[in-house]
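The structure under discussion appears below in the form of structure tokens.
The values are calculated or read from the model by the stated rules, or taken from the named source; none is laboratory data. This is a predicted model, so every value here is computed, not measured. As a convention, Cβ positions derive from the backbone with ideal geometry for all residues, glycine included, and neighbour counts pool all protein chains shown.
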Amino acid sequence: DVVGLDGAWVNDFAKQGAIADLSALMTEHDYDDSQLASQVEVDGSTYMVPAVNFVYPLYTNDALLADAGVDAPPSNRTEFADAARAITEAGDAAGTAMPLSLETPSGVQNQVMSWLWASGGSMLKDGKPDLTNDGVTETIEYFDDLYQDGVFAPGAFTMKEQDMVEEFTNGRVGMMVDSLAHLTMIRESNPDLKFSISALPAEDGYDGKRGIPYASWGLGVSESSDHKEEAWKLFEFLMSEDANAELASMAKAFPGNVASVPDFVEDDELMSQAFDIYQAGYPANEFTGLPVAEDLMRQMNEQFQAMLEGDITVDDMLETTQESWSAEF
């Protein structure tokens, strides 16, 4: 009746008629959707609501930054590039890491396109691929420059997210963009590691709201349910202010209700800082709700790797990806 969803599945399930149109249910029950932090839509209708969100801030190793002469976590792209180079040149650690495994291509979403969203940019126009716009082009060029400067940890093309986290935890990487879900694991694995959390660096001069990459536990309703009234009551309860705050507290995640405040933000300084970042920006992940989302990441990843290797230009990479993506829409 009520189903747990990942954003990458939503388009396929909606097109199959497997999950119900939540917009219609909200209208039917006179539900105020302004209380929801985000919604995942297909063809203009909501099919999934993120109940709790795991955001992806920037993690920075305090000691490595200090040894490299960097006073504070970077807040824009120039500061990040300068810090990555300084860390790489100062010792044995890499400035940053980029998990680009084709087996799990979510690095394209979490560690690459997230920088576009952090500056208010978009890879879509009217719900269709728009990969050759200036924002996307500049983001890809930025990472190409960083890669050519040698600031990434070795093995980027086969690295998975958990490999990146291990490198950071063991002090071999100075900065990474990663899920807040790994915070407890990092602390337990290396209690002596001193690190900070901050918002993703934005384009130099950008002063708007920053998109915050996130993964979520999503809620939907089965289209075949014989109990939609009861399903709606559970949905409404889970997304209510108090229940959603409790759910977020149990998950060590951030709530899907904009008025909810999880209890751990009062007891944990880093989580409190992360919650401030979350409230100051907006959840951003344009892959949620797209058709064959994981395959779209893999298609871009293949072209991205070829571009980093110098086999194709940035423009070629984006034009080829635009063409392959458009065939899926």
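Laid out as a table, the results:
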quantity	calculated
Filter result for S106 (in contact (Cβ under 8 Å) with a residue 40 or more places away in the chain, farther than 30 Å from V2 by Cα and hydroxyl-bearing (S, T, Y))	no
Single unsatisfied condition, D130 versus (1) in contact with a Leu (Cβ under 6 Å, 6 or more places away or on another chain); (2) surrounded by 24 or more Cβ atoms within 10 Å (Cβ to Cβ)	(2)
Unique residue being among the charged types (D, E, K, R), within 22 Å of D126 (Cβ to Cβ) and modelled with pLDDT of 95 or more when the list is E328, E286, E323	E323
Test: residue in segment 220-237 that is surrounded by 20 or more Cβ atoms within 10 Å (Cβ to Cβ) and on the phi > 0 side of the Ramachandran plot	no
Candidate set: segment 204-240, residues that are out of contact with any helix residue (DSSP H, G or I) (no Cβ under 6 Å at 6 or more places or on another chain) and among the acidic types (D, E); chosen: the one nearest to Q109 (Cα to Cα)	D207
The lone exception for A284 - which of (1) more than 20 Å from A8 (Cβ to Cβ); (2) in contact with a Gly (Cβ under 6 Å, 6 or more places away or on another chain) it fails	(1)
Residue list for segment 82-99, filter: in a helix (DSSP H, G or I) and over 13 Å from P201 (Cβ atoms)	R85, A86, I87, T88, E89, A90
Among (1) surrounded by fewer than 20 Cβ atoms within 10 Å (Cβ to Cβ); (2) in contact with a His (Cβ under 6 Å, 6 or more places away or on another chain); (3) among the hydrophobic types (A, V, I, L, M, F, W, C), the one test that V165 misses	(1)
First in segment 235-258 and among the small types (G, A, S), second anywhere and modelled with pLDDT of 95 or more and surrounded by fewer than 16 Cβ atoms within 10 Å (Cβ to Cβ), Cβ under 8 Å, 6 or more apart	A243/F237
Whichever residue in segment 226-270 is more than 21 Å from A284 (Cα to Cα) and not in a helix (DSSP H, G or I) and, among such residues, is nearest to the chain's Cα centre (by Cα)	D268
Residue match in segment 74-81 (condition: among the aliphatic types (A, V, I, L, M) and in a helix (DSSP H, G or I))	yes
